[in-house]
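Read the structure below first, then the notes.
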Amino acid sequence: STLGLEAVRGIGCKARRVPLGVDSEVFKPPGPGAKQELRTRYGLPEGRLILHVGHISPGRNLEVLQGVADEATRVLIVSSTTTRRHPEVEAMLRGQEVILMDRYIEHIEEIYRLVDGYVFPTLSATDAIDIPLSVLEAMATNLPVATTAFGGLPDLFASGEGLFMCTTEAGLVEAARRMLDTETITTRDKILGLSWKNAAESVLEAIAAELA
């Protein structure tokens, strides 16, 4: 983010922003009939389904998802298998219209393809990387995305065409509900320049500039 870049420069370090990449060949929209086939394979229900991928921990602000889930719209949370789930947060989520998937998933890209939208509610800068990969992966799948204006996301993207960048929790809940009715969704177009190849080339260019 701009703030992080300025902080590093403020302590006397040379710094350059290098955006992360996303594999748009792996994370891509589902083909005809694939969404229903994937839901059947993973044992997930029909109807409106919104996804969040990440840790089950207090700092992720997952309680906001209580306001998103209802009888018509369920929230699917795929939790990390490498970190311990916080028991109180887990218990709170299990009491709502929320589905917790807490096993290792080899092809996580399939989960993005079977849902209808993605929500990223985190506020704490210490609870996610500056540019959350899950947001990029959801956008590569051309999902509508409702996210907080987290870290470096506002430096890369502007709201519109299925991307809702929110500054309040109430706005995030409203956007998460409204995004599924968005007619024009082009979130994939927004990330096509963010390849790992481009990220690597940016790092090499920065190193070459310092060595010149």
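The values are calculated or read from the model by the stated rules, or taken from the named source; none is laboratory data. Values in this document were obtained by computation on a predicted structure and should not be read as measured data. FYI the Cβ positions are ideal-geometry reconstructions off the backbone, even for glycines, and counts take in every protein chain you see. Ligands, DNA and RNA are excluded from the accessible area calculation, which covers all protein heavy atoms including side chains. Shrake-Rupley method; radii C 1.70, N 1.55, O 1.52, S 1.80 Å.
Can you name every residue in the stretch 133-152 that is free of Cβ contacts under 8 Å to residues at least 24 places away in the same chain and more than 16 Å from V173 (Cα to Cα)? So that I can check it myself, show each step before the final result.
Of the stretch 133-152, the ones free of Cβ contacts under 8 Å to residues at least 24 places away in the same chain are 135, 149.
Across the stretch 133-152, the qualifying residue is only V135.
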Loosely packed, with under 14 Cβ neighbours inside 10 Å and among the charged types (D, E, K, R): does that describe E97? no
Does any residue of the stretch 186-196 turn out to be exposed (fewer than 13 other Cβ atoms within 10 Å of the Cβ) and more than 21 Å from A158 (Cβ to Cβ)? yes
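Among the residues of the stretch 101-130, write down those that are among the aromatic types (F, W, Y) and without any contact (Cβ under 8 Å) to a residue 60 or more places away in the chain.
Y104
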Pairs returned, first residue in the stretch 161-176 that is closer than 19 Å to A72 by Cα, second residue that is among the hydroxyl-bearing types (S, T, Y), beta-carbon separation under 8 angstrom, 6 or more apart or interchain, are L172/T147; L172/T148
Filtering the stretch 17-33 for residues that are in contact with a Leu (Cβ under 8 Å, 6 or more places away or on another chain) and among the charged types (D, E, K, R) leaves a count of 1
Hey, does the stretch 140-156 have a residue that's open to solvent by less than 10 Å² (accessible area, probe 1.4 Å) and part of a helix (DSSP H, G or I)? yes
Restricting the search to the stretch 46-77, which residues are surrounded by 20 or more Cβ atoms within 10 Å (Cβ to Cβ), without any contact (Cβ under 8 Å) to a residue 60 or more places away in the chain and touching a Ser or Thr at 6+ places or on another chain (Cβ under 9 Å)? I56, L62
Applying the selection to the stretch 123-136, what residues are surrounded by fewer than 24 Cβ atoms within 10 Å (Cβ to Cβ) and touching a helix residue (DSSP H, G or I) at 6+ places or on another chain (Cβ under 7 Å)? S124, T126, D127, D130, I131
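Quickly run through the stretch 182-212 and pick out the residues that are among the hydrophobic types (A, V, I, L, M, F, W, C) and in a helix (DSSP H, G or I).
Hits for the stretch 182-212 are I191, W196, A199, A200, V203, L204, A206, I207, A208, A209, L211.
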Across the stretch 30-45, what is the total count of residues that are exposed (fewer than 15 other Cβ atoms within 10 Å of the Cβ) and part of a loop (DSSP other than H, G, I, E, B)? 5
For the stretch 93-116, check the following and say yes or no: at least one residue is under 23 Å from G151 (Cα atoms) and β-branched (V, I, T). no
Determine which member of the set L194, L172, L163 is farther than 17 Å from I50 by Cβ, touching a helix residue (DSSP H, G or I) at 6+ places or on another chain (Cβ under 9 Å) and hydrophobic (A, V, I, L, M, F, W, C). L194
I'd like to check something: does the stretch 171-180 contain any residue that is modelled with pLDDT of 90 or more and in a loop (DSSP other than H, G, I, E, B)? no
